[in-house]
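Participant: Below you'll find the structure I mean.
The values are calculated or read from the model by the stated rules, or taken from the named source; none is laboratory data. The structure presented is a predicted model; accordingly, all values stated were derived computationally and were not measured. Methodologically, a virtual Cβ is constructed for each residue, glycine included, from the backbone with ideal geometry; neighbour enumeration extends over all protein chains shown.
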Amino acid sequence: MQISKVECRSILTRTTGYLKVVCSHSLNPYTGCGLGKSACGEACYVRFNPWLTRGREWGGFVDVKINAAEVYCRTVGAERRWAHKRSQPFSIFLSSSTEPWQAVEKTYRITRSLLDAFLDEPPDELILQTHTTGIREDLARVQALSQLFRLRVHVSIEGDTERLPGMPPPPSRLEDRIRLLRELSDAGIDAVACMAPVYPVSDPDAFFKNLAKTGIVGVVIDHFIEGDGTPDGARTVKTPLPAAMARVNPDSIFKGYRDHIAAIAARYLPVGISSQGFAGIYHRTLPSPGS
Ligand code: SF4
């Protein structure tokens, strides 16, 4: 793994495309991702961004933005005003193209420094997105922030199978991520299970019943078709993910599978679909499968 310390000139990125309906800004404490060779990294849409990878192997590099918190504090006023001028809340998605609690965070604590900066310069809303359970080490900070402004933690849980055939293992065990959802909920933090992209679910009723017991506020369900930023899932089709999904359930590679699973999920939990779900818009009723 090639780890480089870099100084960034900006840290709050005004959103476009898919994220535009979700939040005003994204914030990435690192460039690249140490989880790039795990299950989520295989079909990670960021790996197809040449501007970001600059020819480097996905999962083989991480640039550590050592001045992220300082730059946040210097630029937050202008970015907050920019959002408010557009009658939008100043809302931050952390992170859209890296994992905030990947292994290097233990050494550099860039994400932690940003959480501390949010105490002094709070956004109107913060969405924390993670594939790991490292957020536990910052639970007290996240809890304190959740008392100050709207905050949700999205924990990626793509399905009820630990590992799809032929795919590498996930960044952290499924059971541990489900336990994390309960710990967040017990701490009074709005926690969300994020199935993005949704993998085949072998026993949806048992799975969502189990998730509902953790006290989460909802589940977000997205499919790689459209969810990867292309109308037909073209980016993901180039990866091993669709074949692995099809080996478990051939129907799961079609977009209708998202709605099928969402309708079952709605029996147990508020459900958010695709970008609307990421934005925190949930439904309590959805059409039943087959209706
Ligand atoms: S954690 Fe997120 S950014 Fe990193 S490889 Fe997985 S999906 Fe991509």
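Participant: So how many residues does segment 253-286 have that are modelled with pLDDT of 95 or more and within 12 Å of GLY218 (Cα to Cα)?
Facilitator: Of the residues in segment 253-286, 16 are modelled with pLDDT of 95 or more and within 12 Å of GLY218 (Cα to Cα).
Participant: Being part of a loop (DSSP other than H, G, I, E, B), modelled with pLDDT under 95 and either out of contact with any Phe, Trp or Tyr (no Cβ under 8 Å at 6 or more places or on another chain) or within 16 Å of the ligand (Cβ to nearest atom) (or both) narrows it down to one of GLU162, GLU158, so name that one.
Facilitator: Result of the check over GLU162, GLU158: GLU162.
Participant: Scan segment 120-135 and report the pairs whose first residue is in a strand (DSSP E or B) and at pLDDT 95 or above and whose second residue is of a type in the set (Asp, Glu) and within 16 Å of the ligand (Cβ to nearest atom), with Cβ atoms within less than 7 Å and a gap of 6+ or a chain change.
Facilitator: Close Cβ pairs satisfying both conditions: THR130/GLU99.
Participant: Residues in segment 99-119: is at least one farther than 18 Å from LYS65 by Cβ and in contact (Cβ under 8 Å) with a residue 24 or more places away in the chain? If you could, list the steps in order and put the result at the bottom.
Facilitator: Start the filter on segment 99-119 by keeping residues that are farther than 18 Å from LYS65 by Cβ, which leaves 119.
Those left that are additionally in contact (Cβ under 8 Å) with a residue 24 or more places away in the chain: 119.
Checking segment 99-119: at least one residue is farther than 18 Å from LYS65 by Cβ and in contact (Cβ under 8 Å) with a residue 24 or more places away in the chain.
Participant: Okay, moving on. Kindly provide the set of residues from segment 116-132 that are closer than 15 Å to LEU12 by Cβ, touching a Pro at 6+ places or on another chain (Cβ under 9 Å) and crowded, with 22+ Cβ neighbours inside 10 Å, ordered by number.
Facilitator: Result: PRO123, single match.
Participant: So how many residues does segment 256-282 have that are free of Cβ contacts under 8 Å to residues at least 60 places away in the same chain and not small (Gly, Ala, Ser)?
Facilitator: 7
Participant: Continuing with this model, one more query. When you scan segment 174-255 for helices (runs of 4 or more DSSP H) that lie fully inside it, which ones turn up with 1 or more residues that are surrounded by fewer than 16 Cβ atoms within 10 Å (Cβ to Cβ) and either at negative phi or not charged (D, E, K, R) (or both)?
Facilitator: Passing ranges, in order: 174-186, 204-212, 234-237, 241-248.
Participant: Please identify the pairs in which a residue from segment 149-169 that is over 23 Å from ASN210 (Cβ atoms) and touching a residue at least 24 places away in the same chain (Cβ under 8 Å) has its Cβ atom under 6 Å from the Cβ atom of a residue that is within 14 Å of the ligand (Cβ to nearest atom) and in a loop (DSSP other than H, G, I, E, B), counting only partners at least 6 apart or on another chain.
Facilitator: PRO168/SER38
Participant: Do we have any residue at all in segment 53-67 that's assigned to a helix (DSSP H, G or I), surrounded by fewer than 19 Cβ atoms within 10 Å (Cβ to Cβ) and within 12 Å of the ligand (Cβ to nearest atom)? So that I can check it myself, show each step before the final result.
Facilitator: Our first condition is that a residue be assigned to a helix (DSSP H, G or I); within segment 53-67, this holds for 53.
Right, trim to surrounded by fewer than 19 Cβ atoms within 10 Å (Cβ to Cβ) and you get 53.
Filter again for within 12 Å of the ligand (Cβ to nearest atom), leaving 53.
Scanning segment 53-67, I find at least one residue that is assigned to a helix (DSSP H, G or I), surrounded by fewer than 19 Cβ atoms within 10 Å (Cβ to Cβ) and within 12 Å of the ligand (Cβ to nearest atom), so the answer is yes.
Participant: Looking only at segment 87-119, count every residue that is within 14 Å of the ligand (Cβ to nearest atom), of a type in the set (D, E, K, R) and not in a loop (DSSP other than H, G, I, E, B) and tell me the total.
Facilitator: Final tally of qualifying residues: 1.
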